[in-house]
Amino acid sequence: MIHIGNSTTSGVVDRLVKAGLVARTRSENDRRSITLRATVKGDEIRKRTEDTRMDNLIPLLDISAEDREHLFRIHEQIVEKLQQPKEGERETNYE
């Protein structure tokens, strides 16, 4: 999930379309609705990025299962803490 506003999203999509990574199609039933689809070029970049990410993560498999479980538990605690609203701050729902 990405927590960004509508105007920021529009700018990102515009740049992706301009770069030829995403195709934008308007719905014939609802002119307010837009469908985004990765282009062949966009799919190629996504695949290369995914492959690179996996190549970078494979060495982590050398960490023992017990240590990985401990790391995941700590990670979950960090995520929970970061998602809690700070004192005096109102909660924002981006969904």
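We did not get these values from a lab; they are worked out from the coordinates using the rules stated. Here the structure is a predicted model, which means the values were calculated and not measured. Please note: Cβ atoms are built from the backbone with ideal geometry, for glycine as well, and neighbour counts cover all protein chains shown.
Being part of a helix (DSSP H, G or I) and in contact (Cβ under 8 Å) with a residue 24 or more places away in the chain is true for just one of I45, I78, I58. Which residue is that? Even if it seems obvious, please write down each step before you answer.
Working: I78 fails: in contact (Cβ under 8 Å) with a residue 24 or more places away in the chain; I58 fails: in contact (Cβ under 8 Å) with a residue 24 or more places away in the chain.
When all the criteria are applied, what remains is I45.
Based on this model, can you work out whether G88 counts as of a type outside the set (A, V, I, L, M), surrounded by 10 or more Cβ atoms within 10 Å (Cβ to Cβ), at positive phi and out of contact with any strand residue (DSSP E or B) (no Cβ under 9 Å at 6 or more places or on another chain)?
Numbers: of a type outside the set (A, V, I, L, M): yes; surrounded by 10 or more Cβ atoms within 10 Å (Cβ to Cβ): no; at positive phi: yes; out of contact with any strand residue (DSSP E or B) (no Cβ under 9 Å at 6 or more places or on another chain): yes.
No.
Being within 15 Å of the chain's Cα centre (by Cα) and either touching a residue at least 24 places away in the same chain (Cβ under 8 Å) or under 28 Å from V79 (Cα atoms) (or both) is the filter here; which residues of segment 14-41 pass it?
L16 - this is the single residue of segment 14-41 that is within 15 Å of the chain's Cα centre (by Cα) and either touching a residue at least 24 places away in the same chain (Cβ under 8 Å) or under 28 Å from V79 (Cα atoms) (or both).
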